[in-house]
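Following: one structure in structure tokens, then a few remarks.
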Amino acid sequence: MPGDRGPDRDGDVAADEPHDLVWSVRPCARNPLLAVAVALFVLGMSLAVDVLFGSVWWGALALLLLAVSVAPYYVGATYVVSEAGAAAAGLFGTHRRRWAEVKGCFPDAEGVLLSPLARPTRLAYTRGLYLRFADNRDEVMARVEAFLEQAAAEPGAAASAERTDG
């Protein structure tokens, strides 16, 4: 049917225009048993602090701190891969990385790390952006690789990389 796929100004459908890839992942949904175990651990540790210090307030503070630390595991994140770059929006904000900033792409079984460093060091994991897969590994990797190739082919990409390295 005409108009189902969003015609452009001339009425033709733009098939080659890349669209943003958006998906959400809640890690706790992948392994419900582990999610229950983590929740029980948080409650157990809070109770232990309460008993050891003899104060409900210390137990409540332990519960609050532990709950905040594991909250991203339960809440999850929304990921976006677009022409501008990649982004991960979670409980504590949105982290973005432009394609020109990405020097290394390191996929694993759960996701892909987009790093400003060329090698997969420990520092790369703290400075990079990790995109967790949601049964869409092939689609995410194809899109990431295409955008990285496009960014590398743009004029001035090599010059800006030399300026940031030296």
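The values are calculated or read from the model by the stated rules, or taken from the named source; none is laboratory data. Keep in mind the model is a prediction, meaning the values are calculated, not measured. Please note: Cβ atoms are built from the backbone with ideal geometry, for glycine as well, and neighbour counts cover all protein chains shown.
So, in segment 147-166, exactly how many residues are surrounded by fewer than 13 Cβ atoms within 10 Å (Cβ to Cβ), within 19 Å of Phe106 (Cβ to Cβ) and modelled with pLDDT of 60 or more?
Summing the residues that are surrounded by fewer than 13 Cβ atoms within 10 Å (Cβ to Cβ), within 19 Å of Phe106 (Cβ to Cβ) and modelled with pLDDT of 60 or more in segment 147-166 gives 1.
How many residues are touching a Leu at 6+ places or on another chain (Cβ under 8 Å) and part of a strand (DSSP E or B) if we restrict to segment 88-106?
Quick first cut of segment 88-106, residues touching a Leu at 6+ places or on another chain (Cβ under 8 Å) only: 88, 95-97, 99, 102-106.
Keeping just the survivors that are part of a strand (DSSP E or B) gives 88, 95-97, 104-106.
Within segment 88-106, residues that are touching a Leu at 6+ places or on another chain (Cβ under 8 Å) and part of a strand (DSSP E or B) number 7.
Among Val22, Val80, Val112, Val38, which is part of a helix (DSSP H, G or I) and not acidic (Asp, Glu)? Talk me through it step by step, then tell me what you get.
Working: Val22 fails: part of a helix (DSSP H, G or I); Val80 fails: part of a helix (DSSP H, G or I); Val112 fails: part of a helix (DSSP H, G or I).
On inspection, the qualifying residue turns out to be Val38.
Considering only residues that are in contact (Cβ under 8 Å) with a residue 40 or more places away in the chain and aliphatic (A, V, I, L, M), look in segment 30-81 and name the one that is farthest from Leu91 (Cα to Cα).
This residue is Val81.
Looking only at segment 55-95, count how many residues are exposed (fewer than 15 other Cβ atoms within 10 Å of the Cβ) and among the β-branched types (Val, Ile, Thr).
Result for segment 55-95: 5.
Which residue pairs have Cβ atoms closer than 7 Å, lie 6 or more positions apart in sequence or on different chains, and pair a first residue in segment 121-135 that is under 15 Å from Trp23 (Cβ atoms) and in contact (Cβ under 8 Å) with a residue 12 or more places away in the chain with a second residue that is basic (Lys, Arg) and surrounded by 18 or more Cβ atoms within 10 Å (Cβ to Cβ)?
Hits for this filter: Leu129/Arg97.
Name the single residue that is surrounded by the most Cβ atoms within 10 Å (Cβ to Cβ) among those in segment 122-132 being of a type in the set (A, V, I, L, M, F, W, C) and under 11 Å from Cys105 (Cα atoms).
Leu131
So which of Asp108, Asp135 ends up being on the phi > 0 side of the Ramachandran plot and surrounded by fewer than 17 Cβ atoms within 10 Å (Cβ to Cβ)?
Asp135
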